[in-house]
Amino acid sequence: MGEWRSLDALTWPCVREGTGGLSDLLAERANQHPTKVLLRTFEGEYTYAEIQSRSHRLANGLARLGVRASSAVGLFMANSADEVALFFAIAELGAVAIPLNTALRGSFLTHTLLLTRCPIVVVDGSLVGEIDAVLDELPDLVEVVVRGVATGGHPEHRGLRYSSFGELASDLSHEPRGTVKDLDAAMMLFTSGTTGPSKACVLSNRYLLRQGQLHVKYLAITNADVLYTPFPLFHIDAVTLTLVAALVAGGTVAIGARFSASRFWEEVIDFDATIFNFMGATLTILWKQSPSPLERQHRVRLAWGVPMPEWHREWRDRFGFRLYEVYGSTDAGVPVYEPLEGERPAGSCGRVVDEFNVAIGDADGDLLSPGEIGEILVRPRETGTVMSEYFAMPTETLEAFRGLWFHTGDLGRLDDHGYLYFLGRIKDSIRRRGENISAFEVEQLVVSHPAVFEAAAIGVPSELTEEDIKVYVVVRPGEELSAPELLAYCEQRAASFMVPRYVEFLPELPKTPTMKVEKFRLRAMGITAATWDAGRNAPGIVTKKGSV
């Protein structure tokens, strides 16, 4: 089998070599309370002992295929108990788990597999055809393990081997494993790819466990909690901040198949969730649903995530629990949490926690004073609590860690009390008439209109040089809105340079599986025949009633 080897990662002072990984913690918890439910899914529920037994069998099967310490194992799977068990099996072998975005197709799928040089991929039967379609471009791939019934063909060429997931999990022997060091690579998670090709973040055993521990610490998670996520297991929120956090606390994790507004509260109730996470447009979608008795028939005590809506206090009144904001990323970990007690300053996303330093830098990397706006920079106070590197991208890694700070690419400011204010992505700013405008702030302005369901702002070329603002708008179900009405609303509430010139109505915005808007697709659309142009005084285009 092929072997994955990390490039030399940047390290921080005072490296503390130790041992341990996810499988060690699972074994400890299974020994403490074997019959407690660790995992709930749409397939059923599984105790700590059952997941440990299943993961050990899978580790045996992977070892038979040649997987060993530092081997890469791709997981092209929808959320399932089997994928959770595979995470622990791969960790037991000291190998590297690479969960892949199940929405990837063609060149995007090829990019992730070529970059990580996976020799083995475990794939759901429904996705086998997507792997088959790009096999000729994947010279490192030698084994495909199929879970379920394959709907694609099995071409026999290049000596590629196919095997079944059932065979993988059939070995009941108890083979001793080697020691897993906590700074060894354990997983690669990809950046979202909303603005360009995804990068593979190399995450150590310590990263996974410490992020879970910090989440437990700053959200006061206990072994009585049930942590629910509807998001995919190739995302940090589901893997580290839900699954690992539940394991750390000795609690229960509940994993849905995907986010569904119509089924959300029913699923929360069925899973008996006490905590869930939100991201992207999910809160807005739930908020704008018609009221239902189910939205109060739950045990949820808090939800956490980003972005925090302006109506978060009204959310508490309606749904009965408080929302908490955090700031972080796969690359940098989560260095900022909203305190559980008291009220955060308006507009902030929380306070920097003790385990991290956060600063604001200018374009040259020099640190700015409190209140000044610049790039958010992160530096851990513990080794291994940020990613190790962007795999096979040494130039990008060095650029990200220049000056011994991790450069997030986010705009923000800090106040005198350590509260962070997120102001948008640097690359998501629009340069118009000498002004640098945050697309995030334009979107906040537009979605404050009561008829707007969601919106996305981009910069488009202007005949006056620089850029003009275009917004894509989705109208709320049952509402009507014209472009002139929307712009008049914006003009009354914002500086003129923030008011969009172009408006285009869409039935929905293109999104990743984690509900982030794919702005590269919107930029590729440009100005279309359906775009309303305020610069030409075009007649207002009135949308049909929304049907989201």
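The values are calculated or read from the model by the stated rules, or taken from the named source; none is laboratory data. The structure presented is a predicted model; accordingly, all values stated were derived computationally and were not measured. Ideal geometry is used to build each Cβ from the backbone, glycine not excepted, and the neighbour counts take in all protein chains shown.
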Filter result (closer than 14 Å to residue 364 by Cα, surrounded by 13 or more Cβ atoms within 10 Å (Cβ to Cβ) and in contact with a Phe, Trp or Tyr (Cβ under 9 Å, 6 or more places away or on another chain)) within segment 386-407: 400, 407
Some residue of segment 480-494 being among the small types (Gly, Ala, Ser) and modelled with pLDDT under 90: yes
Of all residues in segment 408-426 being surrounded by 13 or more Cβ atoms within 10 Å (Cβ to Cβ), more than 9 Å from residue 376 (Cβ to Cβ) and in contact (Cβ under 8 Å) with a residue 60 or more places away in the chain, the one that is farthest from the chain's Cα centre (by Cα): 415
Some residue of segment 275-284 being at pLDDT below 95, more than 22 Å from residue 78 (Cβ to Cβ) and either in contact with a His (Cβ under 6 Å, 6 or more places away or on another chain) or not charged (D, E, K, R) (or both): yes
Residue among 100, 109 that alone is closer than 22 Å to residue 514 by Cα, modelled with pLDDT of 95 or more and either assigned by TED's automatic domain parsing to the domain that holds residue 166 or surrounded by fewer than 22 Cβ atoms within 10 Å (Cβ to Cβ) (or both): 100
Those residues of segment 238-284 which are in a helix (DSSP H, G or I) and under 16 Å from residue 217 (Cα atoms), in sequence order: 240, 241, 242, 243, 244, 245, 246, 247, 248, 249
Pairs with Cβ under 9 Å, 6+ apart, first in segment 493-518 and without any contact (Cβ under 8 Å) to a residue 40 or more places away in the chain and within 25 Å of residue 329 (Cβ to Cβ), second assigned to a loop (DSSP other than H, G, I, E, B) and among the polar types (S, T, N, Q): none
Filter result (within 30 Å of residue 456 (Cα to Cα) and part of a helix (DSSP H, G or I)) within segment 379-430: 396, 397, 399, 400, 426, 427, 428
Search result, residues across segment 206-228 that are crowded, with 23+ Cβ neighbours inside 10 Å, closer than 20 Å to residue 48 by Cα and either modelled with pLDDT under 95 or of a type outside the set (A, V, I, L, M, F, W, C) (or both): 212, 225, 228
Residues located in segment 285-313, provided they are within 24 Å of residue 42 (Cα to Cα) and in a loop (DSSP other than H, G, I, E, B): 289, 292, 297, 298, 299, 300, 301
Flag if residue 135 is at pLDDT below 95, surrounded by 22 or more Cβ atoms within 10 Å (Cβ to Cβ) and not charged (D, E, K, R): no
Checking residue 371 against (1) in contact with an Asp or Glu (Cβ under 8 Å, 6 or more places away or on another chain); (2) loosely packed, with under 15 Cβ neighbours inside 10 Å; (3) in contact (Cβ under 8 Å) with a residue 24 or more places away in the chain; (4) on the phi < 0 side of the Ramachandran plot, the condition it does not meet: (4)
